[in-house]
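Colleague: Handing you a structure now.
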Amino acid sequence: VINHRRDKSMIKTEVCIVGAGPAGLSAALTLAKQNVNFIIVDKSQFPRDKVCGECFDANAFSVLERVGENYLQEMVDKQIMIKTWDTHIADEKGRSIDLKLGYETTPRIISKRTDFDTFLLNR
C-alpha cells in the first residue's frame, strides 16, 4: 500500500486499485491469484481502525469464501473474526431491535477492523 510517494517517478502497472478496504484487498487477492500486476493506493496508514468497520454482512462472507479458499476458517482459527447469526440495531435514544437469524442463513462477520485489514493485507 502506497500512502505517500516522495519521489515523483511513474509506476507502471496493469491495474491500480484505489482503496485498501475489504473490497480493494479482495480485488488485489483475486488479481494476485491470476498473476496480474497491480498496485493498491490508499489515503490511510495501516493497520487502521475504523469505528463503523467491526461488523460485515453476509455479502462480505460470500466474497471471502470466493477470494481465498481457507481464509474464513483461518480467521476463525486465529480468532480474527467470529461468525454470528444475531444482529442488534440501536439508535441514540436507546430504542433497539434484536434480530435472530436462523443458522441456515449466511452468518455475519464480527472482527476488529485493524485485524481484518491486516490479515487481508498480509495475504
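Colleague: Rounded to the nearest 0.05, what FRET efficiency do residue 73 and residue 35 have when you use their Cβ-Cβ distance and R0 = 25 Å?
Modeller: The calculated FRET efficiency here is 0.50.
Colleague: Here's another thing I want to ask about it. Counting only heavy atoms of protein chains, what accessible area per residue, in Å², does the chain have with a probe of 1.4 Å?
Modeller: Accessible area per residue, the chain: 69 Å².
Colleague: Additional query: Measure off 7 Å from each Cα along the Cα-to-Cβ vector at residue 114 and residue 93, then give the distance between these two points in nanometres to one decimal.
Modeller: 3.6 nm
Colleague: Leaving out ligands, DNA and RNA, what percent of the accessible area of the chain is carbon and sulfur, probe 1.4 Å?
Modeller: Percent of accessible area from carbon and sulfur atoms in the chain: 52.
Colleague: Also: How far, in degrees from 0 to 90, does helix 113-122 lean away from the longest principal axis of the Cα atoms of the chain, to the nearest 10?
Modeller: 40 degrees
Colleague: From the list [x] 26; [y] 18; [z] 34, can you say which value of percent of Cα pairs over 25 Å apart was derived from the structure given?
Modeller: Working out percent of Cα pairs over 25 Å apart from the coordinates points to [z].
Colleague: Using Cα pairs under 8 angstrom and six or more residues apart, how large is the relative contact order of the chain, in percent?
Modeller: Relative contact order here is 28 percent.
Colleague: Can you compute the helix-only [θ] at 222 nm over the chain? Use -39500 (n - 2.57) per DSSP H run of at least 4 residues, normalise by all residues, nearest 500 deg cm²/dmol.
Modeller: One gets -9000 deg cm²/dmol as the mean residue ellipticity at 222 nm.
Colleague: Helix 22-33 sits at what angle to the longest principal axis of the chain, using alpha carbons and giving 0 to 90 degrees rounded to 10?
Modeller: For 22-33 against the chain, the angle is about 50 degrees.
The values are calculated or read from the model by the stated rules, or taken from the named source; none is laboratory data. Owing to the predicted nature of the structure, the values given are computational and were not obtained by experimental measurement. Here Cβ is always computed from backbone atoms with ideal geometry, including for glycine, and neighbour counts include all displayed protein chains. Heads up: the accessible areas ignore ligands, DNA and RNA and are worked out on the full protein's heavy atoms, side chains in. Shrake-Rupley method; radii C 1.70, N 1.55, O 1.52, S 1.80 Å.
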